[in-house]
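One structure below.
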Amino acid sequence: MKLVPLLTRLTQALSRPVIVFWTLPWLMLLLLAGTIAQKYIGLYAAQEQFFSSFILWLGPLPLPGAYSLIGLVFLSLLCKFIAESRWSWPRAGIILSHFGVLLLLAGGLLTALTAREGYIVIEEQSESSLIEDYHARVLTVLKDGKTMAILPAENLRPQLTLGLDQGLPFTVEIRRHILNGAPQPQTALVSDDGLPLRGAAAKVNMTAIPRAIQNEDNHGALWLRVRGAGEDSDGIYLLTEIMPVFPQFEVKGHAYELRFVKASRPLPFTLALTNVEKENHPGADMARAYRSSLIIKDQGGTWPAEISMNNPLRYRGYTFYQSSYMQTPKGEATVLSVVWNSGRLFPYVASAIISLGLILHLLLSVRARKATLAALVLLTILNGSHAHAEAPAMDMADFRLIPVLHEGRLKPLESFARIELHKFSGQTGLASLDANNWLAELLFDPARAAERPVFKVRQHDVRDLLGLPEVPGYLYPFSVLSKTMAPQAERLQTLLQMPPAQLDVRQKALVDLHRDISAYMQIMRAFSLVLPLAITPPESLLNASEKEVLTKEATDFLTLRKLEERAARRLKDIIGKKGEDPAIYNEEEKAIATFAWQLSLFADSSRDNHLFRVMPVIGNDEERLSPWAVLREGQGSPASAALLRDWKKLGLAWLAQDKTAWQDAARLLRKHLATPDTGRFRAEVVYHAAQPFQVALALYALAAFCLAILHCTDKGFWYRLASLSLTGGALAHVGGIVLRIYILNRPPVGTLYESLLFVSLICGLAGAALFIKRKDALSGLAAALSSLLILMVSLYFGAQGGDSLSMLVAVLNTNFWLAAHVLVVTAGYSLAILAAMIAHAWLWTGKDRSGLFTLMHRMTLSALLFTAVGTILGGIWADQSWGRFWGWDPKENGALLIVLWIVWLLHGRMAGALPQAAYALGVAGLNMIVALAWFGVNLLSVGLHSYGFVSGIAAGLGAFCLTEIILLCWLWQRKQRHA
């Protein structure tokens with residue numbers, strides 16, 4: 001009878017919020033440590049050590065592992081749900097949320113215990129029914145093709161012997177097992193103890209090397225001694241997974257084989273691959289999609305099936321995901337991820353319950369209904385959806401809209417010009433020319449363009465190496481650099497063959513300069529085949545009509561190319577008669593030799609000219625070729641010849657500075673090259689001209705200034721000006737986002753840069769709504785500063801060069817769950833930052849601002865809703881894309897860290913462990929937590945989300961966190977003095 005009161009007291013104790021409050025800090029530390037460890041020991045090892053263990057060993061000291069901590073949280077929530085969760089409508093949201101978390105943790109346990117995953121590689125016109133493991137290796141012994149024994153790699157220790165116990169008529173002794181090795185030529189004839197080397201061991205030696213960070217990249221090897229298999233078979237054998245040739249021998253009439261391979265499991269059916277396709281973005285080597293056409297063979301029946309990125313195949317409890325594409329010696333092959341998971345539906349059901357619970361918790365708080373209505377509407381919407389250059393010399397209205405294929409998408413020439421000029425000079429316009437005029441000059445008057453300083457050489461070491469003088473802006477012309485770079489040809493050849501990670505700063509700068517010059521030369525020579533040349537053909541090669549044509553028209557390569565074969569034939573005759581010494585040629589023969597050499601040299605110099613892709617390809621509306629590629633790849637046609645004539649007219653008009661002829665030629669070209677994307681091209685030109693985010697930045701800065709004054713003076717003029725500037729900034733911001741959506745024809749967030757734009761937009765919109773509704777300068781100032789600072793960071797990222805309107809890799813292109821996840825979780829970032837900024841304001845003010853504290857708390861709850869739902873949606877996307885809801889990827893862990901931090905603060909407040917000031921201090925610290933989750937994980941350069949890294953961000957992130965810590969310490973002391 002005493003057991004029941006004891007259990008009741010234990011249940012009540014475990015259900016207290018303080019249990020979760022004191023467990024979560026250690027869980028967050030474990031999460032951080034395990035995430036950072038992935039950079040040094042890899043995801044698999046970090047997951048095993050930090051996230052899939054009950055005990056974490058710190059040397060000899062045992063510490064609770066993730067399983068223990070998660071189990072304690074689960075037990076606390078279960079006790080809370082059973083003993084303390086009395087149903088009532090005001091508590092419905094919390095009860096549902098806790099129940100959803102319980103289901104999620106239970107599903108995670110079921111998945112950890114039962115889920116199996118691996119991959120299948122199938123070549124075209126082949127089939128497979130074996131799943132290979134990503135990590136586990138095994139030693140397998142086969143007898144007459146059937147498996148007799150399987151030993152996991154972790155059990156393969158030296159002196160371990162297989163023999164009679166395994167039913168073998170011979171013995172196999174493990175001599176050595178290495179976890180990662182590199183093949184080297186075998187120089188020995190026998191082993192160290194005089195035994196003969198057999199099979200692969202006679203030709204190859206595997207040298208132990210440090211383990212690779214990612215376990216999949218390790219290539220293990222085994223040395224075995226076989227005895228009793230016969231005089232010709234006994235000896236030392238080498239087994240390694242990178243050499244699929246394994247020892248085979250016959251003993252007592254049976255064929256035996258030893259294999260060291262990745263562990264495999266059979267499927268209860270067979271998959272046959274009929275076709276696999278890799279589709280790239282036009283003109284780029286970035287994959288846009290993968291697709292596999294399969295035949296399922298099961299119990300005598302066959303069924304066709306299609307698998308593509310984000311479109312898996314589910315059959316008999318197995319799910320197959322398009323993972324990658326391979327080019328093998330035999331042809332094309334598909335790589336499919338395979339997952340069998342009996343707990344797959346748990347996250348979906350739990351996610352829906354958690355989301356409903358969090359929404360109900362906000363709605364059923366009567367005081368918070370109006371304050372959170374905008375956030376809930378936003379959640380619904382998200383789930384559904386420079387200095388001016390001088391006036392140009394020519395009218396660029398038509399020229400700038402001509403389409404060019406660049407970096408995987410068709411874009412207007414103006415965008416191409418801005419991107420390439422920025423890459424060379426660090427700016428999108430020159431002092432005397434805008435980007436369009438610079439591009440036209442480079443295309444049509446390369447001699448003049450070569451004298452214009454456009455290459456920025458920032459590194460003083462590189463300038464010293466090249467002997468460049470110090471000039472304002474460190475800008476140098478092509479005519480100078482082409483001479484100073486020539487002596488560096490041998491050095492560059494060596495550097496270009498080195499891995500980029502091994503280059504120091506100066507070497508990388510030199511290589512980058514070389515690549516910029518190469519790109520510049522490609523643009524410079526793009527139309528050299530139709531522009532006038534200073535090459536005069538010998539009269540003896542011309543007939544009368546050709547002489548007449550050449551006296552009337554400018555001589556270009558296409559015209560002179562008709563004489564190439566004739567000149568080569570004449571030169572061959574000359575060499576046959578007089579040899580290869582031009583000194584003994586007469587003047588006419590010298591002229592012919594010179595002309596043939598000039599044509600050959602000119603053609604060879606443009607052999608790899610592929611950058612300026614403006615020529616359409618017949619039968620492929622998306623593809624474009626450069627003018628030289630049309631000539632070299634045999635893509636010429638009457639249509640392409642007419643286009644080249646149009647480009648020639650444009651070039652001649654530029655050289656003559658004939659504005660009327662230029663305008664007519666540009667208009668005709670734009671008409672002939674028109675595409676259905678013309679509207680997007682116009683929008684892109686407007687986007688660059690209007691610079692909406694710079695406008696929004698200026699207006700947010702004005703709003704912050706007005707709100708700061710308004711907080712001190714409370715004058716109507718400053719209120720009206722603050723309202724107009726904050727609203728105007730938000731509208732300009734919305735306009736920029738809408739333009740990007742229209743131009744790219746996809747959701748607004750797909751890159752790190754776009755996430756910055758979107759987060760600052762949500763902050764701006766929320767700030768405008770808060771200020772207009774509450775008429776509170778302090779909360780409006782917090783929102784305006786949030787938008788201002790994030791937008792400033794985004795402009796820094798956008799100024800790193802390249803096209804900010806970029807295409808996406810295959811897995812990001814495009815999926816409903818991905819779009820919903822990214823939009824919702826970035827909105828969660830916005831609300832977390834707003835809550836943190838309002839917390840800063842509350843800590844700063846010495847007055848009793850209960851309204852501001854309440855707003856901060858509600859904003860924190862809204863941030864929890866969005867980050868939790870957004871993280872869950874990310875898990876659903878991951879499950880749809882590659883078969884696992886959660887994989888402890890650094891970006892996933894970052895999002896989880898935000899959720900855990902907010903949950904920890906809320907439980908501390910409920911448990912009474914965090915008074916008001918401490919709770920506000922924790923909310924203010926969300927700025928650092930979000931920054932680490934948003935940017936810090938990219939510094940690790942590991943995981944599926946390691947995109948968006950920008951050099952130098954580590955110092956900026958460290959400086960921000962240090963500044964925040966100092967500021968929060970000062971605000972805390974200030975608050976304590978005014979308490």
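Here, each number is a calculation from the coordinates, and none is a lab measurement. Being a predicted model, the structure only gives us computed values, none of them experimental. Don't worry about glycine lacking a Cβ; one is built from the backbone with ideal geometry, like all the others, and counts go over all protein chains shown.
Any idea what the relative contact order of region 598-669 is, in percent, if you count C-alpha pairs under 8 Å spaced at least 6 apart?
Relative contact order, region 598-669: 20 percent.
I'd like to compare 29-39, 777-787, 617-627: which one has the highest average count of other Cβ atoms within 10 Å, and what's the full order after that?
777-787, 29-39, 617-627
With labels modelled as points extended 7 Å from the Cα through the Cβ direction, what inter-label distance (nm, one decimal) is found for Ala397 paired with Ala917?
6.7 nm
Going by C-beta contacts inside 10 Å, put His688, His857 in order with the fewest on the left.
In increasing order of surrounding Cβ atoms, one gets His688, His857.
Rounded to a whole number of µm²/s, how large is the Stokes-Einstein D of region 816-979 at 20 °C and 1.002 mPa s, given Rh as the Kirkwood radius over C-alpha pairs?
Rounded, D is 129 µm²/s.
Evaluate the distance, in nm, between pseudo-label points positioned 7 Å from the Cα of Leu655 and of Lys773 along their respective Cα→Cβ axes.
It works out to 6.6 nm between the two label points.
At a Förster radius of 56 Å, what calculated FRET efficiency corresponds to the Cβ-Cβ distance of Arg116 and His610, to the nearest 0.05?
The pair Arg116/His610 has a calculated efficiency of 0.75.
Give the peptides 45-56, 698-709 in descending order of average Cβ contacts within 10 Å, highest first.
Ranking the peptides 45-56, 698-709 by packing returns 698-709, 45-56.
Given the convex hull over the Cα atoms of the chain, what projected area results after averaging over all orientations, in nm²?
Orientation-averaged projected area of the Cα hull: 56.6 nm².
Could you list, bin by bin from short to long, the percent of Cα-Cα pairs of region 690-802 in 10 Å steps?
Answer for region 690-802: a P(r) of 16, 48, 25, 10, 1 percent.
If amide hydrogens are placed 1.01 Å from N in the peptide plane, which non-local residues have theirs closer than 5 Å to the one on Leu139?
The answer is Leu151, Ala153.
Quick one: Cα centre-to-centre distance for region 193-228 and region 721-749, in angstrom?
61 Å
With respect to the cross-link table entries Lys203/Lys252; Lys278/Lys891; Lys143/Lys252; Lys39/Lys891; Lys262/Lys891, which display a Cα-Cα separation exceeding 19 Å?
Pairs exceeding the cut-off: Lys203/Lys252; Lys278/Lys891; Lys262/Lys891.
Could you give the distance between the Cα centres of region 838-893 and region 110-160, to the whole Å?
Centre-to-centre (Cα) distance: 42 Å.
Which whole-number percentage describes the relative contact order of region 20-84, with Cα contacts under 8 Å and a sequence gap of 6 or more?
Rounded, it is 27 percent for region 20-84.
Please list, or write none, the lysines whose alpha carbon is within less than 27 Å of the alpha carbon of Lys483, excluding same-chain residues fewer than 8 places away.
Partners within reach: Lys423, Lys456, Lys508.
Just for the Cα atoms in region 734-891, what are the lengths along the principal axes, largest first, rounded to whole Å?
Result for region 734-891: principal-axis Cα extents of 53, 34, 25 Å.
Quote to one decimal, in nm, the extra length available between Glu633 and Asn745 on full extension: 0.36 nm per residue of separation minus the C-alpha distance between them.
So the extension gain works out to 37.1 nm.
In square nanometres and to one decimal, what's the mean projected area of the convex hull around the Cα atoms of region 3-84?
The Cα convex hull of region 3-84, projected and averaged over all directions, gives 6.4 nm².
What are the aspartates and glutamates whose alpha-carbon lies under 13 Å from the alpha-carbon of Lys146, with same-chain residues fewer than 8 places away excluded?
Of all the aspartates and glutamates, those that pass the test against Lys146 - Cα under 13 Å, at least 8 places apart if same chain - are Glu257.
Mind listing the Cα extents of region 117-340 along all three principal axes, in Å, largest one first?
59, 43, 28
Under 30 Å Cα to Cα from Lys715, which lysines show up? Leave out anything in the same chain fewer than 8 places away.
Here the lysines satisfying the reach criterion relative to Lys715 are Lys370, Lys773, Lys775, Lys847, Lys975.
Say each of Glu539 and Glu250 gets a label point 7 Å from the Cα, pointing the same way as Cα to Cβ; how far apart are those two points in nm?
Taking the two extended label points, one gets 8.7 nm.
Val686 to Leu63: FRET efficiency via 1/(1 + (r/R0)^6), r the Cβ-Cβ distance, R0 45 Å, to the nearest 0.05?
Computed FRET efficiency for Val686 and Leu63 comes out at 0.20.
Looking at region 539-672, how many pairs of lysines come closer than 14 Å at the Cα, when each pair is eight or more places apart or spans two chains?
Qualifying lysine pairs in region 539-672: 5.
On alpha carbon coordinates alone, what is the Rg over Rh value for region 399-473, Rh being the Kirkwood radius?
1.04
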